[in-house]
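Remarks on the structure that follows.
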There are 2 protein chains.
Amino acid sequence: MNSISHLSRREMLLTSGLIVTGLSQPSLGQNPGSEKDLVFRTTDPNNAEPALQRLVESWITPTKYFYVRSHAPNPLINASDFRLSIEGMIRRPLTLSLAQLKRFAEHSITATLTCAGNRRNEFNREGNVGGVQWEAGAIGNAKWAGIALADVLKHAEVLESAKHVWFEGLDQIEKGDAIIPFGGSVPIEKAMLPVSNTQTHPGVLLAYTMNGKPLTADHGYPLRTVVPGYIGARSVKWLGKIVVSDRPSPNHYVATAYKIVKKTQAIDWSEAGPIYRYPINAAIASPNPNAVVAPGALTLTGYVLPSGILGSRVKRVLVSTDSGKSWTSAELTGQDNDYCWQLWKANVQVTGDTTELIVRATDNRGGFMPARVPWNAKGYLQNSWYRLPIKTR
Amino acid sequence: MNSISHLSRREMLLTSGLIVTGLSQPSLGQNPGSEKDLVFRTTDPNNAEPALQRLVESWITPTKYFYVRSHAPNPLINASDFRLSIEGMIRRPLTLSLAQLKRFAEHSITATLTCAGNRRNEFNREGNVGGVQWEAGAIGNAKWAGIALADVLKHAEVLESAKHVWFEGLDQIEKGDAIIPFGGSVPIEKAMLPVSNTQTHPGVLLAYTMNGKPLTADHGYPLRTVVPGYIGARSVKWLGKIVVSDRPSPNHYVATAYKIVKKTQAIDWSEAGPIYRYPINAAIASPNPNAVVAPGALTLTGYVLPSGILGSRVKRVLVSTDSGKSWTSAELTGQDNDYCWQLWKANVQVTGDTTELIVRATDNRGGFMPARVPWNAKGYLQNSWYRLPIKTR
């Protein structure tokens, strides 16, 4: 299998017979969930998010309610043939089977993943943005088990001059005439951090289970990265290759997509750096948008995610029924772990003048949700005050 | 002189006798201006800004009132010995004298330069930030003449794979045990843009005059880059070397400084990209901070700089005397050119309750000054509402 890295990706895929795309893998729950569980924004590939009221029913998000973000059909991977290759600026190139990977110490962490495009549809108020038209459900909190990327890299003996670690998926994305894998990249300092069950470290996990079961095909079976604190795009699914380098990955999804740009010409991408950490964010899960409510007492529920920084904790969640003139503190109802969201509940008084409910939040690392976020062409990192329109009887 | 590029920078500087640091060059007005003209934040090296009332006396900023940002003593450069070397991913490496450089077509542009740290001192309200403690005077608008970087690069025949262009100064900055030059970097797309007298292009100028006179030593004599639309740090003074590369410059001032970070550990720098364009900004130049004014009519003056994007124009400048409850439109009084600031004037009513004057602005490229900017460890890009405290009789 070492020879794979000397073949082009496409040659490998076509000659190895390792991959068949576009098929499902029922035995592993490849079916992305019925329409009842998720709202599909696209079905080829699968991009879906849950109804917000379902999403906040529990602090741990059931896999069936966990948003799905894919750039190509799920690759069907035969676990016994699967190999992960580790290449680049290391002394000992490796090609490891799942059995070999599982000889490293197992770790499990609970971590929230959120798409950089979560709440993208709100940018359309100022100007249309392309991409999957996410509402506020492209976020979820799961328990992940696997091995520490740092342990694998130490075994591979990383060179001093290494600065970034690339991840490459086994998916096949059509880009113009080319077929490319989804790629991610993290700084070497992040990659070398330990992973701890006690949640005191932000290290990168090479995960093979989600919520106690093998990853589903939609979530990266058989192996994916989970990068706590970073946007979901750095948690690469169907992980097939790791490359240690002196620069960020040149993959399209690092060098071009997932950047904050006003326009999308070459110069705009060149001027922008990749997004790594996610900012603080929050949304109202109930009532529903445009719900008709009676003036008087109303209970709001929702989620809040502090900035993706170690030790970041939610400081305040504030809700308003009068367009921001006055604010009421919400009560946090979830567990309080590093790199995890919190659920919240707030009791407010709705008047006949109430036309929208608003939530904003702050954390102990200086994170705050601004009243407005500058529009960007790809609609990333929308974390302005979350405004939910309602009607009163 | 072609051999220079094969010597280490320090060897060159020490053996060539080309550079003597820390001396002044009176004949060229090296003297950075008297205390009357500029307020010195540091004198070794020179870092100084004008009083704001002086700054807005004219749309073109007289050189004596133009802010000075230096990282080392001014190098004393003998113009007749000066050479600019162009290296890296080009087919034809060049080493050019000033006379040879001046054989390229001359262009002149009016462009505003602003330090990424302008208004840095305001961040201290939320947490101390290091660096030169700029108030709002680290900005100026001058007329620059020189040659187009694009013309020189075309002559040097840039390779297809080039992605960025590095600039290296002839200054000598002590960093720990090392001595490094100040360095800048721009994407190749920016570097290859034409420079136009009609202000319709954002190209990079290799400038040798400022406001019709040779550059002063404080402003980069004999040659500097002027990069319209970008933070001042990319307009490298005392330019000695240009390197064409496939990545941004590894120089400290691109790879580490001039980035938006919450902390300053290695991982924080790795996660952040270099800052290129400046955002919209504005300040109140008169009255003075803490001025005692009588309730009644008051005229405010100030500057506004639209986002560093081609065709960016100021849309609205709004001032408030009641802490943002109500706003009055200001009148623009300067010329309206690409990449140039505007001056403004506003007549307002001050009441006995007025404790501060506020200005905010928007442009036609989606730029706006937010109520608050997230604190960052180096205090860059402070463009929140500018608040001026006053007292009323």
(request) For residue A:128, go 7 angstrom from Cα along the Cα-to-Cβ vector, then report the distances to that same point in the other copies in nm, smallest first. (result) 5.2
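What part of the accessible area of the protein assembly as shown, given as a whole %, is carbon or sulfur when the probe is 1.4 angstrom?
Details: 15550 of 30610 Å².
Percent of accessible area from carbon and sulfur atoms in the protein assembly as shown: 51.
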(message) For the pair residue A:189/residue B:97, report the inter-label distance in nm, with labels modelled 7 Å from Cα in the Cβ direction.
(response) 4.7 nm
(request) Pop out the ³J(HN,Hα) list for the stretch A:121-137 in order, Karplus 6.51 cos²θ - 1.76 cosθ + 1.60 with θ = phi - 60°, rounded to Hz; leave Gly and Pro as x. (result) 4, 5, 5, 4, 4, 9, x, 4, 10, x, x, 4, 7, 5, 8, 9, x
(request) Take the alpha carbon atoms of the stretch A:127-182, find their center, do the same for the stretch A:70-109, and report the distance between the two centers in whole angstrom. (result) 13 Å
(request) With a 1.4 Å probe and every protein chain left in place, tell me how much accessible area residue B:369 has, in Å² to the nearest 10. (result) 10 Å²
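What FRET efficiency comes out for the pair residue A:78/residue A:157, r = Cβ-Cβ distance, R0 = 25 Å, nearest 0.05? Write down the numbers at each step before the final one.
On the way: r = 30 Å, r/R0 = 1.19.
The pair residue A:78/residue A:157 has a calculated efficiency of 0.25.
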(request) Output ³J(HN,Hα) for the stretch A:330-339: one whole-Hz value per residue in order, computed from phi by the Karplus curve 6.51 cos²θ - 1.76 cosθ + 1.60 with θ = phi - 60°, and x for Gly and Pro. (result) 8, 9, 7, 10, x, 7, 10, 10, 4, 6
(message) Need one word for the stretch A:6-271: rounded, prolate or oblate. Basis is the Cα gyration tensor (sqrt eigenvalues a ≥ b ≥ c); a/c below 1.5 gives rounded, then a/b vs b/c decides.
(response) rounded
(message) Can you give me the long-range amide H partners of residue A:221? Hydrogens built in the peptide plane at 1.01 Å from N, cutoff under 5 Å, separation of 5 or more residues or another chain.
(response) A:216, A:238
(request) Please report the relative contact order for chain B, taking Cα pairs under 8 Å with a sequence separation of at least 6, and give it as a percent rounded to a whole number. (result) 16 percent
(request) Identify the residue of chain A whose Cβ lies closest to the rotation axis that maps chain A onto chain B, and give that distance in whole Å. (result) A:273, 1
(request) Tell me the label-point distance for the pair residue B:336, residue B:288, using the 7 Å Cα-to-Cβ offset, in nm and rounded to one decimal. (result) 3.4 nm
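Could you run the numbers on buried accessible area between A and B, total for both chains, 1.4 angstrom probe, in Å² to the nearest 100?
Details: alone 16280 and 16300 Å², together 30610 Å².
Result for this pair: about 2000 Å² buried.
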(request) Scan around residue B:281 for amide H atoms under 5 Å from its own, H built in the peptide plane at 1.01 Å from N, and keep only partners 5 or more places away or cross-chain. (result) B:305
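In nm, what is the difference between 0.36 nm times the number of residues separating residue A:355 and residue A:108 and their Cα-Cα distance?
On the way: separation 247, 0.36 × 247 = 88.92 nm, distance 4.39 nm.
Answer, rounded to one decimal: 84.5 nm.
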(request) Using the Cα centre as the reference, give the magnitude of the dipole from point charges on the C-beta atoms of the stretch B:73-208 (Lys, Arg: +1; Asp, Glu: -1; all else neutral), rounded to the nearest 20 debye. (result) 320 debye
(message) Could you tell me the calculated FRET efficiency between residue A:347 and residue B:57, based on Cβ-Cβ distance and R0 = 51 angstrom, to the nearest 0.05?
(response) 0.35
(request) Determine ³J(HN,Hα), in whole Hz, for all residues of the stretch A:344-351 in sequence, where each value follows from phi through the Karplus function 6.51 cos²θ - 1.76 cosθ + 1.60 and θ = phi - 60°; x replaces Gly and Pro. (result) 9, 9, 9, 9, 10, 9, 9, 10
(request) List the distances, in nm and shortest first, from the label point of residue B:43 to the matching label points in every other copy, placing each point 7 Å from Cα along the Cα-to-Cβ direction. (result) 7.7
(request) Return the long-range amide H neighbours of residue A:90 (sequence gap of 5 or more, or a different chain), with a cut-off of under 5 Å between placed amide H atoms. (result) A:159
(request) Kindly report the accessible area of the protein assembly as shown per residue (heavy atoms of protein chains, probe 1.4 Å, no ligands, DNA or RNA), in Å². (result) 39 Å²
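Just to verify a number: FRET efficiency for residue B:371 and residue A:177, C-beta to C-beta distance, R0 = 41 Å, to 0.05? Each step should come with its number before you reach the end.
Values: r = 47 Å, r/R0 = 1.15.
That pair, residue B:371 with residue A:177, gives E of 0.30.
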(message) Ordered shortest first, which distances in nm separate the 7 Å Cα→C-beta label point of residue A:296 from those of the other copies?
(response) 5.7
(message) Quick check for me: using +1 on Lys/Arg Cβ and -1 on Asp/Glu Cβ, what's the dipole size of the protein assembly as shown about its Cα centre, in debye to the nearest 20?
(response) 540 debye
(request) Take chain B, connect every pair of alpha-carbon atoms lying under 10 Å apart with a spring to form a Gaussian network, then pick out the residue of B:319, B:373, B:68 with the largest mean-square fluctuation. (result) B:373
(request) Pairs to check: A:143/B:263; A:241/B:259; A:262/B:315; B:36/B:262. Give those whose C-alpha atoms are more than 25 Å from each other in this structure. (result) A:143/B:263; A:241/B:259; B:36/B:262
(request) Check each residue of the stretch B:340-375 and keep those whose accessible area, probe 1.4 Å, is at least 40 Å² smaller with all protein chains in place than in the chain alone; give them in order of residue number. (result) B:368, B:372
(message) Can you sort A:160, A:174, B:106, A:189 by solvent-accessible area, 1.4 Å probe, largest first?
(response) A:160, A:174, B:106, A:189
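The values are calculated or read from the model by the stated rules, or taken from the named source; none is laboratory data. Only a predicted model underlies this, so the values are computations on that prediction, with no experimental measurement involved. Here the Cβ is made from the backbone with ideal geometry for all residues, glycine too, and neighbour counts use every protein chain on show. Surface areas here come from the heavy atoms of the whole protein model, side chains and all, with no ligands, DNA or RNA. Shrake-Rupley method; radii C 1.70, N 1.55, O 1.52, S 1.80 Å.
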